[in-house]
Amino acid sequence: MFRYTCILVLLFTSLCSCDGSGQNGGSGGAIDLKMNLQKGAVYRYTIKNHQVNTHELKGRNLSNELNIETDLEYSVTGADATHTSLSASYEKISVEPSYTSQLSTMLHKPFHITLDDKGRIMAIESYKQFSADSVVDETQLLDSALHSMIQQAFNIYPGRPVKPGDSWTNGYTVSLGFMDLSSRNTYRLTSVKDGIAHIETTSRISSKQGINDVMRRMKIELEGVQTGGLDVDVATGLVMGNVQNLQVTGSNYVNGEQVAMHIDAEISVIGNKLK
């Protein structure tokens, strides 16, 4: 279960995407937050996770800490009014404490992303070099994590001009076979200063049982809240900084026996232009 919890952390980090809808619109003093990356530019996102897991079984508590750090670098290979094309690769994946996982197969493997003008993923041409060497197919987990982490970096735009005090929402569901994870996200523009938009975020996370027959004896129930803020460069739409706090509680049922879970995580994302 530890290896899958590690990958779930990556998913929790990034459940903020898709199908945005605005609220409390206004035009006076509004800014148009959208993707405006220039062809030839190169960027890096550094994502850090610090997580404490607590499991309770038969009155006994077991806690462990997990630290994950990843560097995602991408170059803009094409950009027009409706689409942005990127070539990307993970240049660093660090997990402490270390353990054997397919995560290392993601390193230095280029993949290509096409986004629309709202930052939504239109297509990912990724590698398929994972092996299914366990009860849960880690290939599916990694593909879902990849998709979700890309969405975190890009699909945060309101889709219309907004001014301080305005809010917008979006939602996302990722299927892991044995479990579906969903998030409903709210963004609120609090201020704009020196070309940087400051946005408060709140995400509510939940799960439901999947349809994987192999995992029919396991049931995972999760509920959680993620809160924080992010800074976005108005000119380019680049997320310069994103700090989140996540709290999740739930239960894992194996053969009818309940294991209570509690997850606390601190998550940060820093974006930099390399050239």
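Criterion first (farther than 30 Å from ALA235 by Cα, of a type in the set (A, V, I, L, M) and touching a strand residue (DSSP E or B) at 6+ places or on another chain (Cβ under 8 Å)) does VAL95 satisfy it? Reasoning before the result, please.
Numbers: farther than 30 Å from ALA235 by Cα: yes; of a type in the set (A, V, I, L, M): yes; touching a strand residue (DSSP E or B) at 6+ places or on another chain (Cβ under 8 Å): yes.
Judged against the criteria, VAL95 is a match.
Does at least one position in the stretch 203-225 carry a residue that is more than 17 Å from LYS163 (Cα to Cα), at pLDDT 90 or above, of a type outside the set (A, V, I, L, M) and surrounded by fewer than 17 Cβ atoms within 10 Å (Cβ to Cβ)?
yes
Scan the stretch 35-48 for residues that are touching a Ser or Thr at 6+ places or on another chain (Cβ under 6 Å) and not in a loop (DSSP other than H, G, I, E, B) and report the count.
The qualifying residues number 3.
Tell me the residue from LEU181, LEU189 that is crowded, with 16+ Cβ neighbours inside 10 Å, of a type in the set (A, V, I, L, M) and touching an Asp or Glu at 6+ places or on another chain (Cβ under 7 Å), please. Give the steps one after another, and end with the answer.
On the way: LEU181 fails: touching an Asp or Glu at 6+ places or on another chain (Cβ under 7 Å).
Matching residue, one of LEU181, LEU189: LEU189.
Within 28 Å of SER207 (Cα to Cα) and at pLDDT 85 or above, is that true of LEU33?
For LEU33, the condition - within 28 Å of SER207 (Cα to Cα) and at pLDDT 85 or above - is not met.
Of everything in the stretch 255-269, what is touching a residue at least 12 places away in the same chain (Cβ under 8 Å) and either within 19 Å of the chain's Cα centre (by Cα) or not in a strand (DSSP E or B) (or both)? Give them in sequence order.
Matches in the stretch 255-269: ASN255, ILE263, ASP264, ALA265, GLU266, ILE267, SER268, VAL269.
Restricting the search to the stretch 226-254, which residues are surrounded by 14 or more Cβ atoms within 10 Å (Cβ to Cβ) and outside any strand (DSSP E or B)?
If the condition is that a residue be surrounded by 14 or more Cβ atoms within 10 Å (Cβ to Cβ) and outside any strand (DSSP E or B), then VAL234, THR236, GLY237, LEU238 are the ones that fit.
Return the pair list, or none, for Cβ contacts closer than 6 Å from residues in the stretch 224-240 that are without any contact (Cβ under 8 Å) to a residue 40 or more places away in the chain to residues that are part of a strand (DSSP E or B) and of a type in the set (A, V, I, L, M, F, W, C), at least 6 apart or on different chains.
Note: pairs meeting the criteria are GLY228/VAL243; ASP231/ILE196; ASP231/MET240; ASP233/MET240.
Assuming LEU62 fulfils every condition listed in (1) within 25 Å of SER206 (Cα to Cα); (2) modelled with pLDDT under 85; (3) among the hydrophobic types (A, V, I, L, M, F, W, C) apart from one, which condition is it?
Result: LEU62 fails condition (2) only.
The values are calculated or read from the model by the stated rules, or taken from the named source; none is laboratory data. As the structure is a prediction and not an experimental result, all values here were calculated from the model. When we count neighbours, we look across all protein chains shown, and the Cβ atoms used for this are built from the backbone with ideal geometry, even at glycine.
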